[in-house]
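*Asks:* Structure incoming, see below.
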Amino acid sequence: MIDRRMGIYGYPIEIQALFFMAMRCALSMLKQDSDADFVNHITKRIQALSYHLHSYYWLDFQRLNDIYRYKTEEYSQTALNKFNVIPESIPDWIFDFMPSRGGYFIGNVSPARMDFRWFCLGNFIAILSSLATGEQAEAILDLVEERWEELIGEMPLKICYPAMENQEWQIVTGCDPKNTSVKLGRPHLARRAMELMERRLAKDEFPEYYDGKAGRYVGKQARKYQTWSVAGYLVAKMLLDDPSHLRIIALEDDGHSRSRAPCLKRSNSCP
């Protein structure tokens, strides 16, 4: 995710989700009585971040349609288009990619700019940390299932979709050649992905990454026998064999990580 400058192009969903999970872990390590001030500050920060991400990063079919119909140049507390996003800046691919059933947290949000790309790391950490509500978590997996060929292909799992191409790829990455489901009771999705991995990884000597839209080819500069490739496979295998291990890395919704949206009247942004 080297193509997004934090603080200039907003804050990427992976950073936001990791920060959310870190704060929830911090709460679990603090003593509620002696560290009351810290607990209070962290709880408020968690609620604010949760509201921000749910309000501005979450995208589904209805939300996409609302953004498409936004009016611009509105500056008030009641404006729907708070980041003054110009509807014409919405990329064409998202209209075909977005299924009627499903949704995800988009890559980034900043003034006049929304990165609509899918980033698997941020979305799956959102599920593990319970940043995503139960309904949103189900919608993320619905999206993966509906867009299996695009997001899984022949070797799971796409870090980012869609990939940059041509001049955009050259300018943003500097021609970098390397940038060319258990928690929710859907083990069949994970097993389906694992079957693809097991057919390829050992035979291909556990490469660093794969190339091609469907992941058919071992990466041009991929190193072999990479620790993270082996470890990722083993962890996934162990979680499928015994889902109770998920408690080691997942956080359940504690009911305190949600903040109510402020009561604002609807503006004329969306006719």
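The values are calculated or read from the model by the stated rules, or taken from the named source; none is laboratory data. Because the structure is a prediction, the values reported are computed rather than measured. Neighbour counts run over all protein chains shown; Cβ positions are idealised from the backbone, glycine included. Heavy atoms of the whole protein, side chains included, go into the accessibility calculation; ligands, DNA and RNA do not. Shrake-Rupley method; radii C 1.70, N 1.55, O 1.52, S 1.80 Å.
*Asks:* Can you pull out the residues in the range 207-233 that are more than 20 Å from the chain's Cα centre (by Cα), open to solvent by less than 40 Å² (accessible area, probe 1.4 Å) and farther than 12 Å from GLU154 by Cα?
*Replies:* PRO207, GLY219, ALA222, GLN226, SER229
*Asks:* May I ask you to list pairs of residues, at least six apart or on different chains, whose Cβ atoms are under 8 Å apart, with the first in the range 82-93 being polar (S, T, N, Q) and the second being open to solvent by 80 Å² or more (accessible area, probe 1.4 Å)?
*Replies:* Close Cβ pairs satisfying both conditions: ASN84/GLU73; ASN84/TYR75; ASN84/PRO111; SER89/ARG113.
*Asks:* Taking the range 61-81 on its own, how many of its residues are modelled with pLDDT of 80 or more, in a loop (DSSP other than H, G, I, E, B) and charged (D, E, K, R)? Talk me through it step by step, then tell me what you get.
*Replies:* Let us first name the residues in the range 61-81 that are modelled with pLDDT of 80 or more, namely 61-71.
From the residues that got through so far, the ones that are in a loop (DSSP other than H, G, I, E, B) too are 69-71.
Then drop every residue that is not charged (D, E, K, R), which leaves 69, 71.
Selection size over the range 61-81: 2.
*Asks:* Restricting the search to the range 84-104, which residues are assigned to a loop (DSSP other than H, G, I, E, B) and closer than 28 Å to LEU141 by Cβ?
*Replies:* Applying the first criterion (assigned to a loop (DSSP other than H, G, I, E, B)) to the range 84-104 yields 84-86, 90-92, 98-102.
Listed by number, the residues that qualify are VAL85, ILE90, PRO91, ASP92, MET98, PRO99, SER100, ARG101, GLY102.
*Asks:* Right, another one. Please find, within the range 107-124, the residue that is least open to solvent (accessible area, probe 1.4 Å) out of those that are part of a loop (DSSP other than H, G, I, E, B) and within 17 Å of GLU88 (Cα to Cα).
*Replies:* Among residues in the range 107-124 that are part of a loop (DSSP other than H, G, I, E, B) and within 17 Å of GLU88 (Cα to Cα), the one least open to solvent (accessible area, probe 1.4 Å) is PHE116.
*Asks:* Ok, one more. If you go through the range 79-106, how many residues are over 22 Å from LEU184 (Cα atoms) and surrounded by fewer than 20 Cβ atoms within 10 Å (Cβ to Cβ)? Break it down into steps so the answer makes sense when it comes.
*Replies:* Of the residues in the range 79-106, the ones over 22 Å from LEU184 (Cα atoms) are 79-97.
Adding the requirement that they be surrounded by fewer than 20 Cβ atoms within 10 Å (Cβ to Cβ) leaves 79-80, 82-96.
The total comes to 17.
*Asks:* A further question on this structure: Can you list residue pairs whose Cβ atoms sit under 7 Å apart, with the first residue in the range 42-67 being closer than 19 Å to PRO111 by Cβ and the second being polar (S, T, N, Q) and not in a helix (DSSP H, G or I)? Count only pairs 6 or more apart in sequence or on different chains.
*Replies:* Between residues of the range 42-67 that are closer than 19 Å to PRO111 by Cβ and residues that are polar (S, T, N, Q) and not in a helix (DSSP H, G or I), the close pairs are ALA48/SER259; TYR51/SER259.
*Asks:* Sticking with this one: Can you tell me which of (1) within 30 Å of ILE46 (Cα to Cα); (2) surrounded by 15 or more Cβ atoms within 10 Å (Cβ to Cβ); (3) modelled with pLDDT under 85 is the one ALA250 doesn't meet?
*Replies:* (3)
*Asks:* Take the residues in the range 26-35 that are part of a helix (DSSP H, G or I) and open to solvent by 50 Å² or more (accessible area, probe 1.4 Å), then tell me which one is nearest to GLU252 (Cα to Cα). Let's see the steps before the verdict.
*Replies:* Of the range 26-35, the ones part of a helix (DSSP H, G or I) are 26-29.
Applying the additional criterion that residues be open to solvent by 50 Å² or more (accessible area, probe 1.4 Å) yields 28-29.
Numbers: SER28: 12, MET29: 15 Å.
This residue is SER28.
*Asks:* Which residue, of TYR56, TYR51, is of a type outside the set (D, E, K, R) and farther than 19 Å from LEU128 by Cα? Outline the logic, then answer.
*Replies:* Numbers: TYR51 fails: farther than 19 Å from LEU128 by Cα.
Matching residue, one of TYR56, TYR51: TYR56.
*Asks:* Yes or no: LEU53 open to solvent by less than 40 Å² (accessible area, probe 1.4 Å), in contact with a Leu (Cβ under 8 Å, 6 or more places away or on another chain) and not aromatic (Phe, Trp, Tyr)? Lay out the reasoning, then the answer.
*Replies:* Details: open to solvent by less than 40 Å² (accessible area, probe 1.4 Å): yes; in contact with a Leu (Cβ under 8 Å, 6 or more places away or on another chain): yes; not aromatic (Phe, Trp, Tyr): yes.
Considered against the rule, which asks whether it is open to solvent by less than 40 Å² (accessible area, probe 1.4 Å), in contact with a Leu (Cβ under 8 Å, 6 or more places away or on another chain) and not aromatic (Phe, Trp, Tyr), LEU53 comes out as yes.
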